[in-house]
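Colleague: Structure provided below as structure tokens; questions to follow.
Quick note: the coordinates plus some simple rules give every number you see, no bench work behind them. Just so it is clear, the model here is predicted, and its values are computed rather than measured. Heads up, the Cβs are rebuilt from the backbone with ideal geometry, glycines too, and the neighbour counts pull from every protein chain shown.
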Amino acid sequence: MVTHPMKPGTYTVSSGYGSRWGAFHAGLDFACPVGTPIYAPADGVVVQGKDRAQGSVSGFGSWIWLDCQASVGKDFIFGHVHHPGILVKAGDRVKAGQQIGVSGNEGKTTGPHVHAEVWGSPGRTGGRHQDPAPYFTGATAPGGTTTKTGATVSTLYGIDVSEWQDGLYLAGTGVDFCVIRLAFGASKADRCAASHAKDWKTTGKPVSYYHYLTPWDAIAAQADLVKRQWDACGRGGGVWIDVEEPGITRAQVVAFRDALRSRGVTVIGAYSRANFWESLPGGEPTAAEGGGAIWVSHYGQQPYGPIRSIYPGDTASQWSYPLGDRKPDLWQWTDRATVPGWTSGVDANAYRGSVESLRALFTGGESATTSEEDDMFTDSDRAALLDCRAMLQTLCAQDMGDANITGPYGGWPQTGGRTRTDTLAAIAAKLGVPGTTDTKEN
């Protein structure tokens, strides 16, 4: 049983899950007066609550963290809460619908609200945050009524197109999203990519792109072509790696992902047939090796007809069949769908979730996101971490016999003349380990 954390009429949704202010907002914000009750969404155990010092949670000030993995497979975070009003502490067991605290205005905020996050298995430590809107929409409110939570959640339908659909008026198709081919291999730029993008973007709906990877063309040349095409389309969404040409290896998929990213191209994930992905030379890649998300082609009966009327449904077995270590984010179930203005058949795709979460996926938000707490590093924090990384790289390279790393006893120029011991001490000092100092800065 899932309970909404707020009573109806006590809040408004002020910010959703997804891109915001040049970063990624990993939760759902409920604007409400300070002191508004917050309730446990499910049975669970308190990880942190009143026991954590007020103001000590970066970004949030104070929070309530619930582990509900045993009951619903989720962790829940409620940030910016009023610390004096927290009713639970670490180790307490809570029941769905039980009041656990009240809203506040602590930490980095623009006004009183509750920031709610949902984390999948195994939890906030080691798991991935998820869009809370699909989870809380339709949940039972404290007191027994059902609720609605801002974002509209449903199955979204989209098509993928190339120059083979030249002449199709995309803005008139009525679908919810579109994936546009950029190129095939290293020498064939899709001649309709830019016009397709211009047409589709008039709808304001989510867009992404894909590149058909070939094993015989140089990785760098293919990445250069994708970058040019992506720029010509005005970007607006990330790029999928289309992995379906016989002869492609696992290593080539990873190399192409890295080549795109090195050119500043946002890589969303990989498209492939389930059986093809599983049999790649070098072994079945993880989702991360393909870019993060999974777009699977798994047809079955290949129905023909209007795109929405021939969808097999959200409970179809294809949704549960993983590619590597991840179940599909998008499912292409037929190439025989019809849309207004095109009856000869087009690839049909489905996404289960809100428009906001799909837009976040297409813009690369999920693969490079931080929670509101994690995004509170200052510039000096980042500089210190980069210094630590550089020094650690030097230590590792020396241990592996890199001839360019001199020392160790006289100190390395790459670490500012520090010896091995001094380098370790400097790293500890920059990370704030008590009792450590950097001899070069004293």
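Colleague: Under a Cβ-only charge scheme (Lys and Arg +1, Asp and Glu -1), can you give me the dipole magnitude of the range 12-136 about the Cα centre, in debye to the nearest 20?
Modeller: That gives the range 12-136 a dipole magnitude of about 100 debye.
Colleague: Three principal axis extents, largest first, for the C-alpha atoms of the range 154-368, in Å?
Modeller: Dimensions of the range 154-368 along the principal axes of its Cα atoms: 40, 37, 30 Å.
Colleague: Step through the residues of the range 317-322 one at a time and calculate ³J(HN,Hα) from phi using the Karplus curve (6.51 cos²θ - 1.76 cosθ + 1.60, θ = phi - 60°), rounding each to whole Hz and writing x for Gly and Pro.
Modeller: The phi angles translate into 5, 4, 5, 9, 8, x Hz.
Colleague: Which of the peptides 10-17, 313-320 is most tightly packed, and how do the rest follow, going by the mean number of other Cβ atoms within 10 Å of each residue?
Modeller: Top of the packing list down: 10-17, 313-320.
Colleague: Here's a follow-up. For Cys178, Cys192, what ranking results if the residue with the fewest other Cβ atoms within 10 Å of its Cβ goes first?
Modeller: Ascending Cβ contact count within 10 Å gives the list Cys192, Cys178.
Colleague: Please compute the modelled spin-label separation between Arg191 and Ser262, points set 7 Å along Cα→Cβ, answer in nm with one decimal.
Modeller: Rounded to a tenth, the inter-label distance reads 3.3 nm.
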